[in-house]
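One structure is given here, and the rest of the page talks about it.
The values are calculated or read from the model by the stated rules, or taken from the named source; none is laboratory data. Only a predicted model underlies this, so the values are computations on that prediction, with no experimental measurement involved. Cβ coordinates were reconstructed from backbone atoms using ideal geometry, including for glycine residues, and neighbour counts include every protein chain displayed.
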Amino acid sequence: MANFDPFEKEFRRQAGGLRRTPASRNWNRIERRLDKRQGGGGRILGIRPWMIAALLLLVAGTTVISKMADDRNNPLAQRSEFIEELSTPYTPMEDFEPVEYLNGAPDGGEEIIQDADFRDVVVAREHRVNG
Amino acid sequence: MTEQELITGCKGNDRRAQRAVYDRYSPVMLAVARRYTARDADAEDVLVTAFFKVFDKISSFNEQGSFEGWIRRIVVNEALMLLRKKHALKQASELDDVNPASFSVPASATARLAEADIMALLDTMPTGYRTVFNLYVVEGYKHREIAEMLSISINTSKSQLILAKKRMREQLEKMGYSANP
């Protein structure tokens, strides 16, 4: 500590007791700067956290979409099939009902409405339409 | 809140603790800043920058010294930075063969000094005188430390102080403060 003469000691005492009331806007300025610092957030390896979050979201989205495309049971995935894939083995629907026509073809013939309950009943010769 | 609670709160970015620290120390620190700067607006700029730095660098306060002293050092440093930015510290002269006693100021005059007159006295001094006078007389820095802080020689620091005291004595007489009450 320096050696003070009496004047210096007295001046120091007087000046040390000085007070000034700051304007309220000064605290607002400090608070804004603090908010900006906190809002800006820290950086991880020089990258902002929101950038990392966006990248993770993008990767997650891509993964989900590719997984959906791979899923054969998913209707969305089936719709995106190419024409070349039509040669894949046909799998009949479980509730398929075969339709029978009078003249053998759908355009020229009349559809025979058969009751499933009488499908196995043998029709007598005199009652048959085509001999 | 105790000072320890305030420090802990500030370290945890607690806005209420930061506000409490500001409310407690800003009047003193604004007066400190104003002693260095010639304008009120500059002093307020220093105050804002300094308190932001206090809260931003609070983790570096090791809690061994005085918290108020730590804040005061930041305020003084910010004030000096502002003066450097404004190139206000460039003009400094050295005196040779000066007897400091011839520029001494009677203590009795200062004892009766009003607060407003202290500020007025400092405002009449050139920036270099005022800065060295504040650092040496009020803050208690040594000439070697002042020389480092202001990037001047030790002799320049001493010269500035002597000239500041000479100017102060003249001003005190002008303001009606004589050596004998």
Practice prompt. Would you be able to say whether some residue in the range B:142-153 is surrounded by 18 or more Cβ atoms within 10 Å (Cβ to Cβ), of a type in the set (D, E, K, R) and at pLDDT 90 or above?
Written response: no
Worksheet item: Residues in the range B:47-54: is at least one in contact with a Lys or Arg (Cβ under 6 Å, 6 or more places away or on another chain) and surrounded by 18 or more Cβ atoms within 10 Å (Cβ to Cβ)?
Response: yes
Response to the item:
Selection over the range B:14-37 where residues are crowded, with 18+ Cβ neighbours inside 10 Å and more than 11 Å from chain A (Cβ to nearest Cβ) yields a count of 3
Item to complete: Select from the range B:55-77 the residues that are buried (at least 19 other Cβ atoms within 10 Å of the Cβ) and touching a Lys or Arg at 6+ places or on another chain (Cβ under 7 Å) and list them in ascending order.
Response: B:Ile58, B:Ile74
Worksheet item: Is there any pair with a first residue in the range A:10-37 that is more than 7 Å from chain B (Cβ to nearest Cβ) and a second that is exposed (fewer than 12 other Cβ atoms within 10 Å of the Cβ) and part of a helix (DSSP H, G or I) whose Cβ atoms are under 6 Å apart and which are 6 or more apart or on different chains, and what are they?
Response: none
Worksheet item: Which helices (runs of 4 or more DSSP H) does the range A:1-93 wholly contain that include 2 or more residues that are modelled with pLDDT of 90 or more and at negative phi?
Response: A:24-40, A:49-70
Practice prompt. Just name the residue that is nearest to the other protein chains (Cβ to nearest Cβ) out of those in the range B:119-150 that are outside any helix (DSSP H, G or I) and in contact (Cβ under 8 Å) with a residue 12 or more places away in the chain.
Written response: B:Glu139
Discussion item. Looking at the range B:27-49, can you tell me whether even one residue there is touching a residue at least 40 places away in the same chain (Cβ under 8 Å) and farther than 20 Å from B:Gly128 by Cα?
Written reply: yes
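So that you can scan it fast, the table gives a plain yes or no per residue for (1) more than 24 Å from A:Asp5 (Cα to Cα); (2) modelled with pLDDT of 90 or more; (3) part of a helix (DSSP H, G or I):
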| residue | (1), (2), (3) |
| --- | --- |
| B:Tyr25 | yes, yes, yes |
| B:Thr49 | yes, yes, yes |
| B:Asn77 | yes, yes, yes |
| B:Leu82 | yes, yes, yes |
| B:Val98 | no, no, no |
| B:Ala109 | no, no, yes |
| B:Asp117 | no, no, yes |
